[in-house]
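Structure first, commentary second.
Throughout, read-outs are computed from the coordinates displayed, never taken from laboratory work. Remember, it's a predicted structure, so these values are computed and weren't measured experimentally. Methodologically, a virtual Cβ is constructed for each residue, glycine included, from the backbone with ideal geometry; neighbour enumeration extends over all protein chains shown.
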Amino acid sequence: MKNDIHDLNLLLDSKIKLIVIESWEERRVLETMAALAIKRAQTWYTWNLLDGLRRLGFGADVEASEDTTDPETALKQIRRANEQALYVFCDLHPYLESPRLIRLLKTLAMEPGASPTVVLVSHAIALPPELSRLAARLNLSMPSDEQLAAIVREEAANWTQENQGQRVRTDNRTLEQVVRNLRGTTHAEARRLARNLIADDGAITQEDLPALNKAKFGLLDMQGVLSFEQDTAHFADVGGLQHFKGWLANRQAAFLQAGDVKDAPKGVLLVGVQGAGKSLAAKAVAGVWGLPLLRLDFAALYNKYIGETEKNLREALHMADCMEPCVLWIDEIEKGLAPDGSDQGVSRRLLGSLLTWMAERKSRVFLVATSNDVSQLPPELIRKGRLDEMFFVDLPSPAVREDIFRIHLVRRELQVPLFNLTQLAQASDGFSGAEIEQAVVSAVYAAAARQQEVGDAHVLEALAQTSPLSVIMAERLQALRDWAKTRAVMAD
């Protein structure tokens, strides 16, 4: 809170008369304002729709004859009183389309010398253009790792006190992960999540972490823009990609070690054939490195209001920074950044925001982007320096197809020795990993319908009935391979 009081004090000393604070923690904002008013020996008032203007601290009370629950009446009262005081308005944002209200705020904001200071507080405040340049915005500081750890310990102590001295069971490694996963939450949100974590069984274990992350992202309400992926694959579930696996193994320690690392790994771009395993490989990075996996959905970014799309991206990237170290996965990135003359430049502004973040970020966020059509990607994104490497994921070789068949047979609890994997690999020439999986699924359905055990014949039949993408789109696939020969590193 000390830093917040210091920053607010500087704003008041600079004679700014309109301050905007966007925060979900109204109570914390009011506590900060109370501490600031005491420090400055200054009268302060609060306003909300139910209570109107209320005086707090020292100073003259509001005239009882006026109903100050109406925001226009309250602002007129402040203007008439012309007292050098702080006026904190909670939830005024629904009224900021009123011309009279805008004029009143503008008049107060332009008052010189010793005059009232109006502070607007809400979870989101969009000022009209005529007020935006007269106001200063302040963001409350987020809790540090030390503060988050203290919150968890306080909640553990409270649980112990309420349960006849029983101690909360946990270990240092799990506690560190809980603190890391609480990053990006406010003090109140972190306390609520920590309390829920402990309440059911008086323990904080590894099994609690997925539920914690799910609850956190539900609380943050990213509206589908940024989601937490709980099902992170392991490379044992990914056939082939040996070069990519080796590349990641060589950089794992450099990325995971604490502190700033010179030339720390930034991320990769996976391009190639649809269904060849790019998305599964992206998940596997997080699974092998033991990191949270965040998925950024470009389709959910777009908003009909001007500027909101770019704001959604900035908030999502900020959330990823708060979750460090983590893996940020952007699937089919070309769909969000491909130039489109009909979007009024939104895709270009999104690209600019993303490139700025990629160039300036200090956080340990490893970016894994996938693309099916690299020709649609802007050259600024794929040049060296933005990302560490670009890998091309081709259709699997015969040996890799055997591995893929083995993985999907085991996943469906089928006896691998009963299948001729070499024959199946030969019959699936030109198939992607996704197409091989669907052939196994079709074989299981067909065998069940005939009340038979699944065998080679069922899988071969399913393969024969499938036209792979490599046949349907042979020309585009060949063009992609020709492009990748001199521009990308083969993932396998």
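Observations on the structure shown:
- Positive-end extreme of charge dipole, the chain - chosen from L270, Q84, S375 (charges on Cβ): Q84
- Ranked Y95, Y45, Y445, criterion: other C-beta atoms within 10 Å, fewest first: Y445, Y95, Y45
- Considering segment 321-445 at the alpha-carbon level, its Rg and Dmax are found to be 19.9, 58 Å.
- What the Kirkwood sum gives for segment 49-167 is a hydrodynamic radius of 17.3 Å, with every pair of different alpha carbons counted.
- Scattering profile of segment 398-472 at q = 0.12, 0.14, 0.21, 0.24 Å⁻¹ [log10 I(q)/I(0), Debye over alpha-carbon scatterers]: -0.27, -0.37, -0.84, -1.11
- Cα-Cα P(r), segment 145-221, percent of pairs per 5 Å interval: 3, 17, 32, 27, 16, 5, 1, 0
- Pairwise Cα separations in segment 108-170 fall into 5 Å bins from 0 onward with the following percentages, short to long: 3, 12, 14, 12, 9, 8, 8, 9, 8, 7, 6, 3, 0.
- For the listed peptides 478-488, 99-109, 393-403, a ranking on the average number of other beta carbons within 10 Å per residue, highest first, reads 393-403, 99-109, 478-488.
- Qualifying aspartates and glutamates (Cα of each under 17 Å from Cα of K362; at least 8 residues distant if same chain): D145, D260, D263, E315, D321, E324, D388
- Extending 7 Å from the Cα toward the beta-carbon at both E162 and E207 defines two label points whose distance is 2.2 nm.
- q = 0.10 Å⁻¹, the chain: log10 I(q)/I(0) [Debye, one scatterer per Cα]: -0.92
- Too-long pairs where the Cα-Cα distance tops 30 Å, listed order kept, from K216/K335; K214/K245; K311/K335; K17/K214; K216/K311; K39/K311: K17/K214; K39/K311
- Once the Cα-Cα distance is subtracted from the 0.36 nm per residue extended length, the A479 to R349 segment shows a gain of 43.8 nm.
- As a proxy for reagent exposure, ranking L120, L92 by other Cβ atoms within 10 Å from fewest up yields L92, L120.
- Partners for K278 among aspartates and glutamates (Cα-Cα distance below 13 Å; same-chain residues under 8 apart left out): D237, D331, E332, D373, D394, D492
- Each peptide among 245-252, 328-335, 29-36 gets the average number of other Cβ atoms lying within 10 Å of its residues, and from highest to lowest they stand as 328-335, 29-36, 245-252.
- Packing order of peptides 350-359, 141-150, 179-188, highest average first: 179-188, 350-359, 141-150 (average count of other Cβ atoms within 10 Å over each peptide's residues).
- Calculated [222 nm] ellipticity per residue, helices only, for the chain: -14500 deg cm²/dmol; basis is -39500 (n - 2.57) per DSSP H run with n ≥ 4, divided by all residues, nearest 500.
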